[in-house]
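Below is one structure, written out as structure tokens; comments come after it.
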Amino acid sequence: MKGLYCRVGVNDAEPKFVIQETSISEVLGGHQVRVQVKACGLSALDLKLLEDVGIQRDLIPVGREVAGVVLQVGSDVAFFQPEDEVVGILPLDSPCSGLCDTIDIDEHYLVQKPEKLSSVCVAGALQDGLCAYTALHTHARMAAGHTLLVLDGASSFGLMCIQLACYHGVKVLTTSHSQQKHTFLEQLRPSVGVQDPLVARVIPVYKDSSDLLPVVLEETGGLGVDIVIDSGVRLQEDKEPEEMKLLPHKHDIISVLGVGGHWVTSHQDLQLDPPDCRLLHLKSASVSFLNPEVWTASSAQQGRYLHIMKDIVEKMSAGVLRPQPEEAVPLYEATVAMETVQRHQKKRAVVQL
């Protein structure tokens, strides 16, 4: 049996992805489920996070978002039986790659897959769905009537945030990073139905990033938004790489927040200066850091995590969440696909087994 693994580079060398022979134990643990994998999603590896939590191996398993069919269950398994279709995300310290034909996984990381939801679709979108749910529900406490700004709404994560917010009656503003993305987002506006558009305003920051603040204040009557979900932040006004120039400056994000607003950021190294903190204090606003891996860091959150996962797949099945389709690649192309994902951190890929 073969799986995909990462050989971490030395002295900042690029990591190498390799197909490696592997095997699973003949005996299942009490709460383990043996799953035949049908599809596996590929997301960029956060090597710094793995190092921070003490996971250091010569070969790191790759591919954690899996969908498949239960083959066998352990003696203490309560929620699954053979032939059940399941989806889940392997924990950070999982010894096996999700691209193996067969994997063993604890039942508390799995939920039932709705019959009409394809394995490829759910494996490719599960991580983005979890991130969107965590950002909007757990951190921002989203509620009907709120106003949300999603930066780079055409990304797979941004699209999930937009759809989830719209479902809960939130007014959505978003930014576009290219003409193509702007056209895509504009097409979403009338697609929800006769009453409310999916996106109230698309702000084309690829033309002029300084347009963000005046447009948001115009759209909100000068009050600012209740929630901001970013896709990266500029910490300095200049000396940033070219690709960073589409991202908003941290001061602009704080400026568009309304009183009591929430800023959910995925920027791990965010630095706020005293004037930034003062402005947040004046608005009684808050900053939360989005790290979806924390759900499996403590067993105290296990039940809540499974509830979220179940809700995500049910919303995908019902069409509430409609992820951008990923074209599935075969296993022999997994190495090249993963190299692309790792190089472009916001891309995703899905492998069909």
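The values are calculated or read from the model by the stated rules, or taken from the named source; none is laboratory data. Remember, it's a predicted structure, so these values are computed and weren't measured experimentally. A quick note on method: Cβ atoms are made from the backbone with ideal geometry, for glycine too, and the neighbour counts reach across all protein chains shown. All accessible areas refer to the heavy atoms of the entire protein, side chains included, with ligands and DNA or RNA removed. Shrake-Rupley method; radii C 1.70, N 1.55, O 1.52, S 1.80 Å.
What to note about this one:
- Cβ-defined net charge surrounding residue 2, 13 Å radius [Lys, Arg +1; Asp, Glu -1]: -2
- DSSP finds beta bridges in the chain, and of those with both partners inside it, around 60 percent are antiparallel.
- Per-pair calculated FRET efficiency, R0 = 51 Å: residue 259 and residue 335 via Cβ, rounded to 0.05: 0.55
- Ranked by the mean number of other Cβ atoms within 10 Å of their residues, highest first, the peptides 106-119, 331-344, 85-98 fall in the order 85-98, 106-119, 331-344.
- Here the Debye sum runs over all C-alpha atoms of the stretch 28-99 as equal scatterers in vacuum, and log10 of I(q)/I(0) at q = 0.18, 0.23 Å⁻¹ comes out as -0.75, -1.02.
- Rel. contact order, % - alpha carbon contacts under 8 angstrom, at least six apart, the stretch 200-353: 15 percent
- Dipole magnitude for the stretch 71-197: computed about the Cα centre from +1 point charges on Lys and Arg Cβ and -1 point charges on Asp and Glu Cβ, it is near 900 debye.
- Most mobile listed residue (245, 38, 171) in the chain, GNM with C-alpha springs under 10 Å: 245
- When both bridge partners sit in the stretch 56-212, DSSP labels roughly 50% of those beta bridges antiparallel.
- For the stretch 99-210, the extents of the C-alpha atoms along the principal axes are 50, 30, 28 Å, listed from largest to smallest.
- Alpha-carbon spread of the chain, three principal axes, descending order, Å: 64, 51, 39
- Of the peptides 63-70, 319-326, 280-287, the ranking by mean beta-carbon count within 10 Å, highest at the top, reads 63-70, 319-326, 280-287.
- Inter-site label distance for residue 272 and residue 55 at 7 Å from Cα along Cβ, in nm: 2.9 nm
- Take the chain with all the other protein chains still there, run a 1.4 Å probe, and you get 48 Å² of accessible area per residue.
- Stretched out straight at 0.36 nm per residue, the stretch from residue 26 to residue 187 would grow longer than its current Cα-Cα span by 52.8 nm.
- When each of the peptides 157-167, 291-301 is scored by how many other beta carbons lie within 10 Å of its residues on average, the order from highest to lowest is 157-167, 291-301.
- Over all other residues within a Cβ to Cβ distance under 11 Å of residue 67, the charged ones net out to 0, with Lys and Arg as +1 and Asp and Glu as -1.
- Rg over Rh [alpha-carbon atoms, Kirkwood Rh] for the stretch 250-353: 1.08
- Listed pairs 48/283; 207/347; 181/347; 181/245; 207/315; 16/181 exceeding 25 Å between Cα atoms: 48/283; 207/315; 16/181
- Within the chain, helix-based [θ] at 222 nm, where runs of 4 or more DSSP H residues each add -39,500 (n - 2.57), nearest 500: -8000 deg cm²/dmol
- For the chain, the carbon plus sulfur part of the accessible surface works out to 50%, probe radius 1.4 Å.
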